[in-house]
Amino acid sequence: MTLIEMKGLRKVFGRNIEAVKNLDLSVEEGEFLVLVGPSGCGKTTTLRMIAGFEEPTAGEIYIQGRLVNDIEPGQRNLGMVFQNLALFPHKTVAENIEFGPRMKKVDPETRLRRVREAAEMVKITHLLDKLPGQCSGGEAQRVALARTLVTDPSVFLLDEPLSSLDAKLRREMRAEIDRLHQRLGKTFVFVTHDQEEAMTLADRIVVMRDGVIEQVGSPLEIYGDPVSHFVADFFGSPSMNLIPGTLSQESGKARFRAPGLTVELPPSFSQAPAGEATLGFRPEHLAVSQNGGIFRGEVRLVEPLGKDTLLYFDRGGERPLIAVVEGTRTFREGDTLGVSVNPDLLYLFGGDGKRIRRGSKGTGIRPA
Amino acid sequence: MKRFVKKWRYPLFRTLMLTAWALLAGFPIFWITSTSFKPDNEWHKWPPVYVSKNATLDNYRMVWPIHQTGSIFVTPDQKGHGVAHESVTANKPWHALKNSLLIALSSTAIAVAFGTLLAYGVSRYRILSDTRMFQLLVLRMIPPIVVAAPLTLYYSVLQLMDTASGLIVVYFITSLPYAVWMTKSFIDEVPREMEQAAEILGASRWQTIWEIIFPLIRSGVVATFLFILILTWSEYLLSFILSKVDVVTLPVQLSKYEGSTEGRVYGHQAALAVGITFPLIIIGIFIRKHLVRGFTFGMVKR
């Protein structure tokens with residue numbers, strides 16, 4: 001069932017800063033939806049429009065079938081966790097959690113019980129008498145979650161809630177949020193700029209860029225089947241190797257050329273338009289060997305990560321070419337190696353940044 | 001040796017400067033307090049008497065009489081017999097204290113209440129542009145004497161001359177800019193998300209202001225209140241011009257101890273001055289915690 005539906009949503013700040021342009025999106029009941037994109041892509045604005053803190057310039061928002069454009073945030077039955085958490089510093093943890101039910105005039109006994117339940121759910125019962133200032137970052141995070149879940153909202157909105165935590169705690173809280181989602185079975189809309197967070201948490205990812213939706217799909221779809229250069233580049237760590245060059249069609253064979261590199265593309269690309277193009281392949285899809293390969297180069301940097309090792313090759317471009325190899329193999333900086341790639345795992349993007357799929361003719365649009 | 005000098009040079013300099021400043025600022029307070037306890041023959045003595053050996057409370061009894069009848073009031077003499085006095089200032093200080101309390105407290109309270117609400121609107125909804133905010137401050141840059149003359153005209157037409165409400169209105173208007181500017185800086189410090197969190201949890205606007213904003217800016221509001229109270233409490237010029245017969249405030253009363261018949265009655269004046277000053281100092285000590293937090297502006301942990 002569709003829980004939230006946005007139709008033709010648009011938000012303009014000031015005279016002409018268009019944060020969100022004509023956005024259509026629906027959120028299904030119980031799903032974990034992640035809005036992801038670089039800063040300024042409109043993801044937070046979208047979330048804030050759902051919450052009711054920003055009024056859409058145009059378009060409609062429906063929550064549970066009800067048009068909420070003119071409904072106050074407090075009446076939308078939503079819960080929100082803010083980026084800076086926004087705990088009330090002068091109230092104890094218990095008072096913070098109790099605030100929502102108290103505002104909704106729940107009787108004191110029920111309130112007490114619900115505060116306890118919420119605190120237990122995120123394991124902070126020992127903190128109830130403390131002030132938020134006395135809690136650590138992770139604890140404060142849990143308090144913010146408890147304060148939200150105690151009101152039993154139909155949707156949880158989370159605005160980059162983990163961005164202030166260090167890496168280890170972030171992974172911990174990520175698991176916590178995931179567990180909470182599964183336990184509560186509620187709908188979560190989560191905003192982040194971290195692709196890893198998006199990949200690990202989401203049922204469905206919405207990739208945004210410059211106020212428009214670039215792609216919607218499951219994490220694996222987004223990772224394995226990006227619709228554009230932008231999405232391909234955004235997801236994955238280390239990110240996809242993207243090599244700008246030109247595509248030519250010579251007697252029925254597609255050939256990609258870039259400085260120091262020529263790749264014969266599989267026949268499925270024979271329909272692709274000649275011209276400016278970008279070739280992409282994931283670092284983990286590369287194989288290195290002493291001889292052969294589509295590209296030969298000197299290893300500039302070896303980065304052992306334990307299980308895997310990253311090899312950086314200097315291609316003269318802006319970004320090095322990165323290959324992931326098993327950690328058991330040893331390489332040295334300065335080694336000259338050949339890099340080969342499985343042609344079935346190649347991605348091709350046109351001059352407009354859109355993906356050129358196998359067997360397709362591309363959009364044929366050139367950037368101005 | 002060199003390191004020793006280096007280490008002590010700045011603390012020493014700082015201590016010297018601060019000591020000098022403290023002496024400069026503290027001496028008048030010491031002098032007025034000391035004079036207030038001197039018997040009348042020591043008021044004008046040369047070389048000056050710093051701490052009287054014949055300290056007496058007579059000045060206080062004169063200025064703040066406990067028993068009084070009309071303009072005649074009674075103080076006990078050394079043998080304990082009541083002695084009747086009559087003075088140009090008789091009976092007035094208590095009256096002036098009452099006026100000052102009423103006028104200063106109510107005008108300050110109104111200014112801070114209005115100012116805080118206005119500041120909230122400016123901080124959150126920009127109901128006043130930066131230009132307007134600056135103009136509000138410019139209001140304070142006009143020398144009061146410039147507006148005093150036209151004000152007397154308005155006030156006599158409006159029948160506000162020599163009334164407590166007249167002074168309350170003028171003090172409210174003149175201190176509003178301070179109230180707005182000061183409280184706004186505190187409200188600005190409260191993250192907007194804090195309010196939005198309350199809002200999405202179902203709090204109404206008033207509940208949000210009362211439960212979230214106000215407790216967080218309370219120290220700032222207290223500091224603002226005291227700051228404005230001090231200004232209003234000791235304001236002389238407008239009070240003197242707009243009201244000097246019926247509704248006399250303490251600073252105006254203080255200026256009346258230079259009677260043409262009595263000469264300068266330093267001791268009485270000093271006793272009154274101490275009476276005016278000390279309540280403020282005592283309030284200041286009581287709310288010191290708020291003042292420190294309020295004036296340092298670091299009240300919200302983000």
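Just so it is clear, none of the values below were taken in a lab; they were calculated from the coordinates. Everything numeric in this text was worked out from a predicted model, so none of it was measured. Reconstructed Cβ throughout: ideal geometry from the backbone, glycine too, with neighbour counts over all protein chains shown.
Structure summary
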item: Residues A:ASP352 and B:ILE173, FRET efficiency given R0 of 51 Å [Cβ-Cβ distance, rounded to 0.05]; result: 0.20
item: Reciprocal of mean inverse Cα separation for the stretch A:38-160 (Kirkwood radius, Å); result: 15.4
item: Positive minus negative residues near A:PRO266 (Lys, Arg vs Asp, Glu; Cβ under 13 Å); result: +2
item: Chain B - percent relative contact order, Cα under 8 Å, separation 6 or more; result: 25
item: Size of chain A as Cα extents on the principal axes (Å, biggest first); result: 79, 48, 36
item: Antiparallel bridge percentage (DSSP; both residues within the protein assembly as shown; nearest 5); result: 80
item: Neighbour-limited loop hits for trypsin sites (Lys or Arg not before Pro), the stretch B:106-167 (at most 15 other Cβ within 10 Å; DSSP other than H, G, I, E, B); result: B:ARG126
item: Mean projected area (nm²) of the alpha-carbon convex hull when the stretch A:164-251 is viewed from all directions; result: 8.1
item: Kyte-Doolittle mean at least 0.5, axial Cα span of 18 Å or more - DSSP H helices of chain B; result: B:92-125, B:144-157, B:164-189, B:214-233, B:266-286
item: Principal-axis tilt of helix A:108-121 within chain A, Cα atoms, nearest 10 degrees; result: 30
item: Between helix A:167-184 and chain A: long-axis angle, C-alpha atoms, 0 to 90°, nearest 10; result: 60
item: Overall dimensions of the stretch A:118-164 as given by Cα atoms, namely Rg and Dmax in Å; result: 10.8, 30
item: Inter-probe distance in nm under a simple model that places probes 7 Å from Cα toward Cβ, at A:LYS130 and A:ASN342; result: 4.9
item: Long-range amide H partners of A:LEU265 with built H, under 5 Å; result: A:ALA254, A:ARG255, A:PHE256
item: Percent of beta bridges antiparallel (DSSP, chain A, rounded to nearest 5); result: 75
item: Cα-centre dipole for the stretch B:130-223 with unit charges at Cβ (Lys and Arg positive, Asp and Glu negative), debye to 20; result: 240
item: Nearest-20 debye value, the protein assembly as shown charge dipole, Cβ charges on Lys, Arg, Asp, Glu; result: 1700
item: Whole-percent pair-distance distribution, where bins are 10 Å wide, for the alpha carbons of the protein assembly as shown; result: 3, 11, 15, 15, 13, 13, 11, 7, 5, 4, 2, 1, 0, 0
item: Descending Cα extents along the principal axes, the stretch B:92-296, whole Å; result: 71, 39, 25
item: Cα-Cα P(r), the stretch A:238-350, percent of pairs per 10 Å interval; result: 14, 47, 28, 10, 1
item: Distance cut-off 20 Å, percentage of C-alpha pairs in the stretch B:186-283 lying past it; result: 59
item: Chain A: relative contact order in percent, alpha carbon pairs under 8 Å with at least 6 residues between; result: 14
